[in-house]
Structures are given as structure tokens and as C-alpha cells.
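All remarks here apply to the structure that follows.
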Amino acid sequence: MTGLGNTQGKQETAPARARAAVDCGHLPFLIKRDGTWLYKGSPIGRKAMVCLFASVLKREEDGRYFLETPAERGWIEVEDAPFVAVEMDWKGEGRAQALCFRTNTDECVVAGPEHPIRIAHDLLSCEPTPYLHVRAGRGRFNIEARISRSVYYELVALAEPGELRGRKVLGVWSRGAFFSLGELPGCCGED
């Protein structure tokens, strides 16, 4: 018996269908604000395991985080951002400058139009918290790294005055994009 499209005695098989990942519901993972990954309340001590889990981390349209392999998918808790930018290197200056960040999972991300830096302010203390876009999520929520305090101080040291949307700001350049770190206060005597 010959199948459709059979040539010279070779049978063609139907293409394999992609199976949907099995939804496992809530998984007992927590990513702490400092970047520590916990499983059932205990820190995951092997960095290679954390990096493996981080490689399958996704973000849903509603903002929730989940781990997804081709076979399984489950929701996890994240206190702030799932990654922390722990180191920064830079090349060039001004508009030609490139800022490269290394995360706690050894992923290197160069800030720029595809990987913007944003600053959020605590509602009570007004303290700035900087974030770096690591990769896209589904919908409007991205997967970000919180920029550590020491790396933020390095950013501030590289900052220069600029203007963004008509406001005088202090910011940094990377890959031709200017990122505000905050507004410049008015000088004495200015109205």
C-alpha cells in the first residue's frame, strides 16, 4: 500500500503535532528581592540549577511569572524582579557608549533601545530603584533585572546632564539611547 506522496517506496509521515505543556499550577519556587531562588523555602545552592530554571522563566500577560518547558508549566512567586544586575562594564562615551550588565545568572545584557533602563520610585521614601529590561514577556509586562545599588552608583558616576521630554535630567547613554536617572534640581535663583 502506498501513501499519498509516496515516492519510490518511501512513506511520508504526518508532521508531529506540538503538544501543549501540562499546567502544573503553582510551583513552590520563590525568587527573593536579592535574587536568591528558593524551592520549598530553601535556597537553591547550585548556580547551574538556578541558571537552568532562569532560562525557562516567562512572564504572562497578567504579570505573573512561570517556568515553562515543552512538557510542563507552572506559576512561581517573585518578590520584585527575577534577576539582579550585579556588574556593569562600559565602552565608549557619550552617544557611542555601550553599557553591558551581567546578571546574577551570568546573562549579559547591553542597555539600549531593545533593553531600556527605567527608574521606579518607592511611594513612601521616594528612593529610586533602577531596572533593566532583560527580555520580553507576554503583553506589556517584561522580564527585568533590578540594578544593584553598587551598580547604580557606577551609573550615576557615568551620568551627564541631558534633556528628556522637555525636562532637564541626569542620565546615561547606551547604544544611542539616553536613559534618565532622575530630574536635575533647579539651580539657586532660578524660577
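Any idea of LEU170's accessible area? Nearest 10 Å², probe 1.4 Å.
50
Could you tell me the number of lysine pairs in the stretch 32-168 with C-alpha atoms less than 28 Å from each other, where the two lysines are 8 or more residues apart or belong to different chains?
6
LEU181's amide H: which non-local residues (gap 5+, or another chain) put their own amide H closer than 5 Å, with H modeled 1.01 Å from N in plane and none for Pro or chain starts?
Amide H neighbours of LEU181: LEU170, GLY171, VAL172.
Tilt of helix 149-158 relative to the longest C-alpha principal axis of the chain, in degrees (0 to 90, nearest 10)?
Taking the Cα atoms of the chain, the angle to 149-158 is about 60 degrees.
With every protein chain kept in place and ligands, DNA and RNA left out, what is the accessible area per residue of the chain? Probe 1.4 Å, answer in Å².
Heavy-atom accessible area per residue stands at 64 Å².
Per the helix-only calculation at 222 nm, which mean residue ellipticity applies to the chain, given -39500 (n - 2.57) for every DSSP H run of n ≥ 4 and division by its residues, nearest 500 deg cm²/dmol? Walk me through the numbers before you get to the answer.
Working: 2 runs with 19 residues, N = 191.
The helix contribution divided over the chain gives -3000 deg cm²/dmol.
Express the carbon and sulfur contribution to the solvent-accessible surface of the chain as a percent, rounded to the nearest whole number, probe 1.4 angstrom.
The C+S portion of the solvent-accessible surface of the chain is 53 percent.
When the scattering of the stretch 78-191 is computed by the Debye formula from its Cα atoms alone, each counted once and equally, what is log10 I(q)/I(0) at q = 0.12, 0.17, 0.20, 0.22 Å⁻¹?
-0.43, -0.84, -1.12, -1.32
When all C-alpha to C-alpha distances in the stretch 20-136 are sorted into bins of 5 Å, what percent of pairs does each bin hold, rounded to whole numbers?
Taking all Cα pairs of the stretch 20-136, the binned fractions are 2, 10, 18, 21, 18, 14, 10, 4, 2, 1 percent.
Keeping all protein chains in the complex and leaving out DNA, RNA and ligands, what accessible area do you get for LEU99 with a 1.4 Å probe, in Å² to the nearest 10?
The accessible area of LEU99 comes to roughly 0 Å².
In cubic angstrom, how much convex hull volume per residue do the alpha carbon atoms of the stretch 56-108 span?
Output value, Cα hull per residue: 132 Å³.
The values are calculated or read from the model by the stated rules, or taken from the named source; none is laboratory data. No experiment lies behind these values; they were computed from the predicted model shown. Each accessible area value is taken on the protein alone, full model and side chains, heavy atoms only, with ligands, DNA and RNA left out. Shrake-Rupley method; radii C 1.70, N 1.55, O 1.52, S 1.80 Å.
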